[in-house]
Amino acid sequence: MTTTLIRGGLVITAAEETHADVLIDGGRIVALADHAAELPWNADQVIDATGKYVIPGGVDAHTHMEMPFGGTYASDTFETGTRAAAWGGTTTIVDFAIQSVGSGLREGLDAWHAKAEGNCAIDYGFHMILADVNEHSLKEMDALVGEGVTSFKLFMAYPGVFYSDDGKILRAMQHAAGNGGLIMMHAENGIAIDVLVEQAVAAGRTDPRHHGEVRKALLEAEATHRAIQLARVAGSPLYVVHVSATEAVAEITRARDLGLPVFGETCPQYLFLSTDNLAEPDFEGAKYVCSTPLRPAEHQDALWRSLRTDDLSVVSTDHCPFCFTGQKELGRGDFSKIPNGMPGVENRMDLLHQAVVEGRISRRRWIEIACAAPARMFGLYPRKGTIAPGADADIVLYDPHAEQVMSAETHHMNVDYSAYEGRRTTGRVHTVLSRGELVIDGRRYVGHAGHGRYQPRGTCQYLG
Ligand code: URP
Ligand code: ZN
Ligand code: ZN
């Protein structure tokens with residue numbers, strides 16, 4: 001094992017900013033010292049970080065590599081998706097293993113382990129999607145918590161696919177209250193939405209923009225409210241994923257003001273894109289079809305404010321890419337057949353840094369919502385999400401002054417469009433280490449599939 005010294009950078013964590021050198025040994029951070037200190041350290045490798053930020057690798061707690069959806073599969077494999085994540089400064093993903101209806105959690109989790117093992121450039125963990133809540137799958141939750149799969153996603157949307165009714169949701173929450181699991185909720189009233197979808201398509205309103213119109217903010221807010229009340233009754237914590245509507249944020253804020261263990265996540269697409277994108281002509285709006293949907297731009301202020309006040313605690317990508325050609329096109333003439341999901345695993349750290357540049361959040365809050373909070377939320381802290389002695393040496397050297405233009409021509413995700421095509425941002429990943437090994441070395445990929453290891457997780461560290 002080589003020792004590495006990162007010299008001369010500004011170390012930024014969620015808690016502080018210090019001009020410090022970082023010593024790495026055996027894949028872990030072993031010490032930090034002031035630049036000015038006389039160092040007795042001899043390292044095999046010295047990396048010059050002068051003029052750069054030295055930040056923890058990003059933790060993206062919401063990805064869907066190779067996810068089956070709408071008759072096709074998300075176009076990034078664990079190999080291509082984790083490589084792209086590394087390019088974007090993310091060193092850990094938590095992906096969603098899926099239980100099929102009629103099967104157990106075990107089969108689903110084994111299948112996701114088989115997809116990921118030996119293929120990842122960076123470390124990874126799993127959440128479990130509960131698509132079939134019954135006595136057997138409830139019991140299986142306990143074993144999964146013991147294996148480090150400590151969070152379970154339920155859907156109030158997508159009837160006939162992943163949907164659970166309120167009774168099933170309550171049972172799963174009661175079970176999680178007993179085993180320490182965290183329930184993650186896709187909060188949209190899918191039963192009502194499906195009525196509106198049917199009516200829209202029957203009336204010939206078939207363009208992608210109607211996806212945004214039928215998936216109403218009020219139906220996100222209603223489901224969020226209901227999920228919170230069900231969690232209160234069950235005595236379980238709740239994490240609401242991909243929050244996009246002001247009205248849904250208000251429900252989370254109210255719950256948190258009552259001191260309830262309710263947490264919210266949003267995603268870059270809701271912060272930077274809007275229904276204007278869904279309305280792009282020539283079916284281009286299909287590129288932006290995801291659920292919850294993009295909202296009118298007026299919703300963005302509430303999301304940014306809530307990120308500052310911690311009513312929303314985490315920014316994940318919900319990375320679920322489908323190529324425009326051949327995949328999004330499945331929904332030409334009927335928006336309800338467009339596979340739901342957008343690419344973004346490579347863009348998250350840069351977009352959030354742009355928010356720092358524009359004064360929306362501080363540098364430390366950038367690191368908190370993108371690294372430390374997701375690590376704490378999902379039981380990975382302080383191994384992941386910070387720069388401190390004992391932590392894994394997952395470190396990004398970030399050039400805060402480099403300019404870039406986001407584009408499908410230059411990105412590394414396996415998808416034929418960029419949701420942020422042509423967007424200029426300031427700041428760019430320069431070098432990435434995962435457990436002390438170089439993955440990106442001065443804008444050159446030097447990692448390899450199979451470096452990434454499965455990360456068993458503890459339970460949510462914001463509780464108890
Ligand atoms: O549109 C989305 N979000 N696709 C991925 C599945 C989900 O609901 O997170
Ligand atoms: Zn969802
Ligand atoms: Zn998702």
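The values are calculated or read from the model by the stated rules, or taken from the named source; none is laboratory data. Predicted, not measured: the structure shown is a model, and the values here were computed from it. Here Cβ is always computed from backbone atoms with ideal geometry, including for glycine, and neighbour counts include all displayed protein chains. All accessible areas refer to the heavy atoms of the entire protein, side chains included, with ligands and DNA or RNA removed. Shrake-Rupley method; radii C 1.70, N 1.55, O 1.52, S 1.80 Å.
Numerical summary
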| item | result |
| --- | --- |
| Formal net charge of residues neighbouring Glu284 (Cβ-Cβ distance under 15 Å; K, R +1; D, E -1) | -3 |
| Charge tally in the Cβ shell below 14 Å around His451, where Lys, Arg are +1 and Asp, Glu are -1, His451 excluded | -4 |
| Charge dipole magnitude, Cβ of K and R +1, D and E -1 - the stretch 169-316, Cα centre, debye nearest 20 | 520 debye |
| Folded to 0 to 90 degrees: helix 190-202 orientation relative to the chain principal axis, Cα | 70 degrees |
| Heavy atoms of Glu213 accessible to a 1.4 Å probe, total area in Å² rounded to 10 | 90 Å² |
| Residue-wise HN-Hα coupling along the stretch 56-73, computed from phi with Karplus coefficients 6.51, -1.76, 1.60 (Hz; x: Gly, Pro) | x, x, x, 10, 9, 8, 8, 10, 9, 6, 6, 6, x, 7, x, x, 8, 10 |
| Charge dipole (the chain, unit charges on Cβ, about Cα centre) - positive-most of Leu10, Ser103, Ala202 | Leu10 |
| Cα-centred dipole magnitude for the chain, charges only on beta-carbon of K, R (+1) and D, E (-1), debye, nearest 20 | 500 debye |
| Histogram of C-alpha separations across the stretch 103-260, 10 Å bin width, % | 10, 35, 31, 20, 3, 0 |
| Under 27 Å, Cα to Cα: Lys pairs in the chain, sequence gap 8 or more or different chains | 23 |
| Farthest toward positive dipole pole in the stretch 402-464 [+1 Lys/Arg, -1 Asp/Glu at C-beta], among Tyr454, Val415, Gly442 | Tyr454 |
| Residues with amide H under 5 Å from that of Cys290, placed H, sequence gap 5 or more | Gly341 |
| Of every Cα-Cα pair in the stretch 49-123, the percent that sits beyond 20 Å | 37 percent |
| Cβ-defined net charge surrounding Glu66, 11 Å radius [Lys, Arg +1; Asp, Glu -1] | -2 |
| Percent antiparallel among DSSP beta bridges (both partners in the chain, rounded to 5) | 45 percent |
| Computed FRET value (nearest 0.05) for Thr325 with Thr2, which takes r as the C-beta separation and R₀ as 41 Å | 0.40 |
| Filtered GluC sites (Glu not before Pro), the stretch 364-461: DSSP coil and at most 12 other beta carbons within 10 Å | Glu409 |
| Magnitude of the charge dipole, the stretch 115-253, Cβ model with Lys/Arg +1 and Asp/Glu -1, debye to 20 | 140 debye |
| Percent of beta bridges antiparallel (DSSP, the stretch 1-133, rounded to nearest 5) | 45 percent |
| Sum of -39500 (n - 2.57) over DSSP H runs of 4+, divided by residues of the chain (222 nm, nearest 500) | -8500 deg cm²/dmol |
| Angle in degrees between helix 299-309 and the longest Cα principal axis of the chain, rounded to the nearest 10 | 50 degrees |
| Residue-level accessible surface for His175, protein heavy atoms, 1.4 Å, Å² | 50 Å² |
| Amide N proximity, the stretch 167-184 versus Val233 label position 7 Å along Cα-to-Cβ, cut-off under 12 Å | 167-174 |
| Taking the convex hull of Cα positions in the chain, its mean projected area over all directions (nm²) | 20.1 nm² |
| Built amide H within the under 5 Å cut-off of Ala74, gap 5+ | Glu66, Met67, Phe69 |
